[in-house]
Amino acid sequence: MSEFNMEDHPHRRYNPLTGEWVLVSPHRAKRPWQGQVEKVSEEKRPEHDPECYLCPGNDRIGGEKNPNYDETYVFTNDFAALNLDAPKGGVNEDDLFRAESEQGICRVICFSPRHDLTIPQMEVAVVKKVVDLWQEQYAELGSREEINYVQIFENKGSVMGCSNPHPHGQIWAQSSVPDEPAKESLRLKAYYDKHGKTLLEDYLAKELDKQERILVENEHFVALVPYWATWPFESMIISKRAIQHLGQMNEEEKEAFAAIYRDLTIRYDNLFEISFPYSAGIHQAPTDGEEHPEWHLHMHFYPPLLRSATVKKFMVGYEMLGNPQRDITPETSAERLRRLPKKHYKG
Ligand SMILES: [Zn+2]
Ligand SMILES: [Zn+2]
């Protein structure tokens, strides 16, 4: 038997943020691929679409009218998954039938009045306005008694179930900490208590030493493919300083955050020369009034595409019942993304 190496042999990798494992099967990535790899022609969108409920001056489904905004615009979701009206209460029958009422606020953020642009096609100064708004919203929503966690996220592309191409994101702020950040919170705390530094501070330093999975770096942020990535082209943006939440970000850091968000998504668009779909979101400290020295702000990007603009990865079978699994290694993905031009393919 030859010696174990991660480029050739099936193995499991551990995600220290969640405590979960991913099965990596690099030998399978060597199979010849016979599926379709055709290029997708993209429809050209107008700068303003009279049918779009997010464009300036248009009517929304709920009957409200958008103002003629010229930068970013935020409003409370007309069909919110959460609201502040739910009375406090719960059910617990024999530890088997449990429910708790949940209070929250859901908002939509339009990144730009331009219907035809996406983050990678905007100027850094325009993307910075989005980061400014995230920071304001985190402060405002997080300061409310009922709100203990502010989840900022973006769903991009119809393949991710996003029904409107207008550049926008969402914020769901709620009274409980949802499962993903709650899992991370536990492990970040255990690591911080043991090492006196944040888990991501130490992880990032090692990744910068190794230079195997780094995609883009600027003065304040790094974008990389995490060692434990499950989606083929998954990535993370991590702050170099152990910033706990958006509220601690200074002007220079906000600009650097905007720049790396744009730089990373340019690479993504260049990969298959399409507007690259993903779900992305920021994990940061809960707004529960406690100190959170263990927290370290980061942004996850989970893109569903596997081999081309049309071939999507499915999380099915073993992945639903066992663990997530991937063929192409995170190092190979990182190398492919890193080799792409820094300039957007649309010029
Ligand atoms: Zn629009
Ligand atoms: Zn996270």
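The values are calculated or read from the model by the stated rules, or taken from the named source; none is laboratory data. Quick caveat: nothing in here was measured; it's all calculated off a predicted structure. Quick reminder, even Gly has a Cβ in these numbers, built from the backbone with ideal geometry, and neighbours come from all protein chains shown. Calculation scope for accessible area: heavy atoms of the full protein, side chains included, ligands and nucleic acids excluded. Shrake-Rupley method; radii C 1.70, N 1.55, O 1.52, S 1.80 Å.
In this simple spin-label approximation, A205 and K44 carry label points 7 Å from Cα along the Cα→Cβ vector, and these lie 5.3 nm apart. Residue ranges 135-141, 68-74 sort as 135-141, 68-74 when ordered by packing (mean number of other C-beta atoms within 10 Å per residue, highest first). Whole Å is fine, so just give me how far the alpha carbon centre of region 166-207 lies from that of region 123-161. With region 166-207 and region 123-161 each reduced to a Cα centre, they are spaced 16 Å.
In region 293-344, the inverse of the mean reciprocal separation of distinct Cα atoms equals 13.9 Å; this is its Kirkwood hydrodynamic radius.
Quotient of the Cα radius of gyration of region 225-318 and 2.2 N^0.38 Å, N being its number of residues: 1.25.
Run the helix sum for the chain: -39,500 (n - 2.57) per DSSP H stretch of 4+ residues, divided by residue count, reported at 222 nm to the nearest 500 deg cm²/dmol. Counting only the DSSP helices, I get -8000 deg cm²/dmol. What you get for the chain, charging only the Cβ of Lys and Arg (+1) and of Asp and Glu (-1), is a dipole of about 1440 debye around the Cα centre.
Placing +1 on the Cβ of every Lys and Arg and -1 on the Cβ of every Asp and Glu, with no other charges, gives region 1-129 a dipole of roughly 480 debye about its Cα centre.
Ranking P120, M160, A86 by how far each Cα lies toward the positive end of the dipole of region 32-190 (charges on Cβ) leaves P120 at the top.
Remark: the chain carries 50 Å² of accessible area per residue (probe radius 1.4 Å; ligands, DNA and RNA excluded). When region 95-237 is described by a simple charge dipole with +1 on each Lys and Arg Cβ and -1 on each Asp and Glu Cβ, the residue from G104, W172, I237 located farthest towards its positive end is I237.
Estimated translational diffusion coefficient (Stokes-Einstein, Kirkwood radius over Cα pairs, 20 °C, 1.002 mPa s) of region 65-107: 162 µm² per second. Database note for the chain: Cys without another Cys beta carbon under 4.7 angstrom, C106, C110, C162. Computed about its Cα centre, the charge dipole of region 202-347 is approximately 900 debye, with only Lys, Arg, Asp and Glu carrying charge at their Cβ. Accessible area of the chain with a 1.4 Å probe: how many percent of it is carbon plus sulfur? Carbon and sulfur: 50 percent of the exposed surface of the chain. Once the cut-off is 39 Å, how many percent of the Cα-Cα pairs in the chain end up in the long-distance tail? Everything past 39 Å amounts to 15 percent.
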